[in-house]
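One structure below.
The values are calculated or read from the model by the stated rules, or taken from the named source; none is laboratory data. Everything numeric here is computed off the predicted structure, so don't read it as measured data. Note: ideal-geometry Cβ built from the backbone for every residue, glycine included; neighbour counts use all protein chains shown.
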Amino acid sequence: MKGGIKALKPKPCGGRQRQNMTIAEEKTLLARFANAAGAGELLNIYDLKHAYEQAIGHATSNSTVYDLLARHGWRKLMPRPFHPKRDVAAQDAFKKTAFLAL
């Protein structure tokens, strides 16, 4: 029998079996972005994703980066305050005329 007693004993399970980086490596990666985030700037997830992919050497999904942020206690991302293709003139015109008939 190949492996002897060691082959018959159960293998330990648990932990991060499919990790790309250790927790310490993730902390050092996030430390580069922590200064900007601490200064009140918004964190651009695509910049973080690009840096993460450079560090691990292959492409990954957005959810991996969001899981990374959650694992290290970064708070939920804030939605944008307005639509990028908004029409300010149309909004102002609506505000002036929408409730006149009431």
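Mind counting the residues in segment 2-30 that are under 24 Å from the mean Cα position of the chain (by Cα) and assigned to a helix (DSSP H, G or I)?
Residues flagged as under 24 Å from the mean Cα position of the chain (by Cα) and assigned to a helix (DSSP H, G or I) within segment 2-30 amount to 8.
Which of the residues that make up segment 31-73 are among the aliphatic types (A, V, I, L, M), in a helix (DSSP H, G or I) and out of contact with any helix residue (DSSP H, G or I) (no Cβ under 7 Å at 6 or more places or on another chain)?
Result: Ala31, Ala34, Ala36, Ala37, Ile56, Leu69, Ala70.
Return yes when Ala55 is touching a residue at least 24 places away in the same chain (Cβ under 8 Å) and of a type in the set (Gly, Ala, Ser) and no when it is not.
Yes.
Residues in segment 54-99 that are over 21 Å from Ala34 (Cβ atoms) and either over 15 Å from the mean Cα position of the chain (by Cα) or of a type in the set (Ser, Thr, Tyr) (or both): how many?
Going through segment 54-99 one residue at a time, the tally reaches 24.
Which one is nearest to Leu30 (Cα to Cα), of the residues in segment 62-99 that are modelled with pLDDT under 80 and of a type in the set (D, E, K, R)?
The qualifying residue nearest to Leu30 (Cα to Cα) is Arg75.
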